[in-house]
Amino acid sequence: MKQTGNTILITGGGSGIGAALAQRFHDLGNRVIVAGRRLEALEETCAGRDNMAAMQLDIDDAAAVEAFAQRLLTQEPGFNVLFNNAGIMRLEPADTRRDLAATEATIVTNLLGPIRLINALVDHLSGQPDAAIVNVTSGLAFVPLIDAAAYSATKAAIHSYTASLREALKGRVEVIELAPPGVQTDLTPGQANRTAYQPLDEFADEVMTLFAQVPTPPEILVERVRPFRNAEAEGRFDETLTQLNDFARKARAGS
């Protein structure tokens with residue numbers, strides 16, 4: 001992926017990983033558009049950076065996604081890089097009957113949302129030089145968090161979708177997966193203050209170093225996520241599943 005001179009759209013750009021990467025890519029010499037529901041948060045990400053813009057987007061609404069895509073292409077005809085970063089994570093029991101509203105919202109936001117946005121923009125991207133799609137998944141795509149089974153499943157699905165998309169768009173659009181470990185963000189309550197999670201700035205700096213490699217790896221994997229990515233191939237899946245879930249429950253209890 002070209003490192004400068006792009007016009008980049010980053011969803012979920014009002015906080016956390018999206019905001020941190022948006023600012024870093026801007027500072028490399030790219031035009032960056034951050035999108036999400038909360039305009040005030042998006043504008044905070046853009047503050048003090050002239051070549052950034054904020055656009056509201058409800059990723060859960062199919063009609064809104066289509067309208068957003070048309071607005072984006074009208075306002076930013078040079079758009080050539082899409083970061084699908086917006087996502088939600090809900091903790092919910094999978095071992096008892098429950099209201100599935102949280103599960104359904106997770107699937108719409110984390111899985112249908114990116115697929116719909118890619119669908120709305122893929123024809124344009126296919127005609128752009130140096131085009132790229134970056135899908136943000138998770139280490140939980142490879143080893144699930146039991147208390148967030150739906151979240152983990154959506155990330156596994158996006159991992160699979162990304163692999164298919166990479167082959168489908170080969171030679172036209174570069175397709176990259178970014179799989180974070182546990183990072184100090186507000187994705188779940190208390191997560192931003194858990195010292196065992198990777199600090200956001202440290203994570204973002206490591207990610208930018210990986211993006212700068214030539215050629216860009218098809219999977220952007222910081223060191224902390226590699227044990228999850230490789231667990232099954234290395235015969236450590238069951239052990240890693242137990243360790244991850246024990247660690248996560250203790251971390252939440254401590255927060």
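The values are calculated or read from the model by the stated rules, or taken from the named source; none is laboratory data. These figures come from a predicted structure and were not determined experimentally. Counting neighbours? That spans all protein chains shown, and the Cβs are built from the backbone with ideal geometry, glycine included.
Give the residues of the stretch 22-35 that are touching a helix residue (DSSP H, G or I) at 6+ places or on another chain (Cβ under 6 Å) and either in a helix (DSSP H, G or I) or at positive phi (or both), sorted by residue number.
Step one: filter the stretch 22-35 for residues touching a helix residue (DSSP H, G or I) at 6+ places or on another chain (Cβ under 6 Å), giving 22, 24, 32, 34.
Those that are touching a helix residue (DSSP H, G or I) at 6+ places or on another chain (Cβ under 6 Å) and either in a helix (DSSP H, G or I) or at positive phi (or both): A22, R24.
The residues of the stretch 164-180 that are on the phi < 0 side of the Ramachandran plot and out of contact with any Pro (no Cβ under 9 Å at 6 or more places or on another chain), listed by number, are S164, L165, E167, A168, L169, K170, R172, V173, L178, A179, P180.
This table checks each residue for (1) in contact with a Phe, Trp or Tyr (Cβ under 7 Å, 6 or more places away or on another chain); (2) modelled with pLDDT under 95; (3) surrounded by fewer than 21 Cβ atoms within 10 Å (Cβ to Cβ); (4) closer than 24 Å to T209 by Cβ.
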{"site": "G18", "(1), (2), (3), (4)": "no, no, no, yes"}
{"site": "R24", "(1), (2), (3), (4)": "no, no, yes, yes"}
{"site": "L28", "(1), (2), (3), (4)": "no, no, yes, yes"}
{"site": "V34", "(1), (2), (3), (4)": "no, no, no, yes"}
{"site": "E40", "(1), (2), (3), (4)": "no, no, yes, no"}
{"site": "Q56", "(1), (2), (3), (4)": "no, no, yes, no"}
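Somewhere in the stretch 219-227, is a residue farther than 25 Å from S15 by Cα and touching a helix residue (DSSP H, G or I) at 6+ places or on another chain (Cβ under 9 Å)?
Step one: of the stretch 219-227, the residues farther than 25 Å from S15 by Cα are 227.
Still in the running and touching a helix residue (DSSP H, G or I) at 6+ places or on another chain (Cβ under 9 Å): 227.
Yes, some residue in the stretch 219-227 is farther than 25 Å from S15 by Cα and touching a helix residue (DSSP H, G or I) at 6+ places or on another chain (Cβ under 9 Å).
Among (1) out of contact with any Asp or Glu (no Cβ under 8 Å at 6 or more places or on another chain); (2) not in a helix (DSSP H, G or I), there is one condition A54 misses while meeting the rest; what is its number? For A54, the exception is condition (1).
Every residue in the stretch 139-153 that is touching a residue at least 60 places away in the same chain (Cβ under 8 Å) and either surrounded by fewer than 18 Cβ atoms within 10 Å (Cβ to Cβ) or within 24 Å of D99 (Cβ to Cβ) (or both), please. L140, P144, L145, I146, D147, A150, Y151 - these are the residues of the stretch 139-153 that are touching a residue at least 60 places away in the same chain (Cβ under 8 Å) and either surrounded by fewer than 18 Cβ atoms within 10 Å (Cβ to Cβ) or within 24 Å of D99 (Cβ to Cβ) (or both).
Scanning the stretch 1-21 for residues that are of a type in the set (A, V, I, L, M) and not in a loop (DSSP other than H, G, I, E, B) gives I8, L9, I10, I17, A19, A20, L21.
Within the stretch 233-244, does at least one residue satisfy the condition of being over 30 Å from N6 (Cα atoms), hydroxyl-bearing (S, T, Y) and in contact with a helix residue (DSSP H, G or I) (Cβ under 9 Å, 6 or more places away or on another chain)? Before the answer, list the steps.
Applying the first criterion (over 30 Å from N6 (Cα atoms)) to the stretch 233-244 yields 233-244.
Within this subset, residues satisfying the condition of being hydroxyl-bearing (S, T, Y) are 240, 242.
Checking which are in contact with a helix residue (DSSP H, G or I) (Cβ under 9 Å, 6 or more places away or on another chain) leaves us with 240.
Yes, the stretch 233-244 contains a residue that is over 30 Å from N6 (Cα atoms), hydroxyl-bearing (S, T, Y) and in contact with a helix residue (DSSP H, G or I) (Cβ under 9 Å, 6 or more places away or on another chain).
Every condition in (1) over 19 Å from the mean Cα position of the chain (by Cα); (2) of a type in the set (A, V, I, L, M, F, W, C); (3) more than 24 Å from M89 (Cα to Cα) holds for A64 except the one numbered (3). Scanning the stretch 110-125 for any residue that is in contact with a Phe, Trp or Tyr (Cβ under 7 Å, 6 or more places away or on another chain), assigned to a strand (DSSP E or B) and buried (at least 16 other Cβ atoms within 10 Å of the Cβ) turns up nothing. Evaluating V183 against the criteria (1) surrounded by 15 or more Cβ atoms within 10 Å (Cβ to Cβ); (2) free of Cβ contacts under 8 Å to residues at least 40 places away in the same chain leaves one unmet condition, (2).
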